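Novice: Please find one structure pasted underneath; my questions will follow.
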């Protein structure tokens, strides 16, 4: 059975750099045959600030937007989170989306592609703590894209040629762990 990996675009900001990054990740991933990859844009889910009265771990979702998001998250065996770094952390939109559901994340794998002045590494540090609570196994490799060297004028995404190989390692590890964890689901 084929694995399905969601590439989650973790920024909803107008003029976001993440859209170009996520499309690039999807383009590179789509050349692979070991999994199916799908770009998931948080803008398509219009999630308000967390508005569920019952904690996500109970699985009793009331809002239609929550149910739609839960169904999408549940489709995947693993995730590549594409995250900006805002104020030494991930975006509020991504954290909010993660918090909406619980069991749908469990026993799956995650890799990270980040971007920012320091490559977004501090955002990934926070995400690793968050996904651990959701029983997501995060892979060691990560791709950190610098606004200084992988973007022209801090906005036009022009990744250095070596970044594709580094992305390949993130994808390799995420697919491998997603496959290994499938037996737990």
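Just so you know, all these numbers are worked out from the coordinates, no wet-lab data involved. A quick note: this is a predicted structure, and the numbers were derived from the prediction, not measured. Backbone-built Cβ (ideal geometry, glycine too); neighbour counts: all protein chains shown.
Novice: Over the chain, what is the relative contact order in percent, taking alpha-carbon pairs closer than 8 angstrom and at least six residues apart?
Specialist: 23 percent
Novice: Please identify, among 130, 98, 80, the residue showing maximal mean-square fluctuation in a Gaussian network model of the chain using a 10 angstrom Cα cutoff.
Specialist: Looking only at 130, 98, 80, the biggest GNM fluctuation is shown by 130.
Novice: Sticking with this structure for a sec: Tilt of helix 64-74 relative to the longest C-alpha principal axis of the chain, in degrees (0 to 90, nearest 10)?
Specialist: 70 degrees
Novice: So in the chain, what percent of DSSP beta bridges are antiparallel if you round to the nearest 5?
Specialist: Roughly 10 percent of the DSSP beta bridges within the chain come out antiparallel.
Novice: A further question follows. Using a simple spin-label model with points 7 Å from Cα along the Cα→Cβ vector, what separation in nm is obtained for residue 74 and residue 4?
Specialist: 1.1 nm
Novice: So what's the angle, to the nearest 10 degrees on a 0 to 90 scale, between helix 121-133 and the longest Cα principal axis of the chain?
Specialist: It is inclined by approximately 20 degrees.
Novice: Over 16 Å, how big is the tail of the calculated P(r) for segment 13-61, in percent of all Cα pairs?
Specialist: Value for segment 13-61: 60 percent of Cα pairs lie more than 16 Å apart.
Novice: While we're here: At a Förster distance of 25 Å, what's the computed FRET efficiency of residue 155 paired with residue 129, Cβ-Cβ distance as r, to 0.05?
Specialist: The calculated FRET efficiency here is 0.30.
Novice: Now for a different question. If each residue of separation counts as 0.36 nm, what is the full-extension length gain between residue 176 and residue 46 once their alpha-carbon separation is subtracted?
Specialist: 43.7 nm
Novice: May I ask you to sort 12, 158 by Cβ crowding, counting other Cβ atoms within 10 Å and putting the fewest first?
Specialist: In increasing order of surrounding Cβ atoms, one gets 158, 12.
Novice: Let me ask something else about it. Over segment 75-138, what relative contact order in percent results from Cα pairs under 8 Å that are six or more residues apart?
Specialist: Once divided by the residue count of segment 75-138, the mean separation gives 43 percent.
Novice: Here's something else I'd like to know. On C-alpha positions alone, give me the angle between the axis of helix 18-29 and the longest principal axis of the chain, in degrees, nearest 10.
Specialist: That helix lies at roughly 90 degrees to the long axis.
Novice: Hey, another quick one. What percentages make up the Cα-Cα pair-distance distribution of segment 124-173 when the bins are 10 Å wide from 0?
Specialist: Whole-percent P(r) values from 0 Å outward: 24, 39, 30, 7.
Novice: Between Rg and the Kirkwood Rh of segment 35-93, both from Cα atoms, what is the Rg to Rh ratio?
Specialist: Here the Rg-to-Rh quotient is 0.98.
Novice: Can you compute the radius of gyration and Dmax for the chain, using only the Cα atoms, both in Å?
Specialist: 15.5, 47
Novice: Arrange 149, 66, 121, 83 by Cβ neighbour counts within 10 Å, fewest through most, would you?
Specialist: Listed from fewest to most nearby Cβ atoms, that is 149, 121, 66, 83.
Novice: Between segment 148-166 and segment 1-54, what is the separation of their alpha carbon centroids in Å?
Specialist: Taking the Cα centre of segment 1-54 as reference, the centre of segment 148-166 is 19 Å away.
Novice: Here is a follow-up. What is the extension gain from residue 30 to residue 67, computed as 0.36 nm multiplied by their sequence separation minus the C-alpha to C-alpha distance, in nm to one decimal?
Specialist: Residue separation times 0.36 nm, minus the Cα-Cα distance, leaves 10.6 nm.
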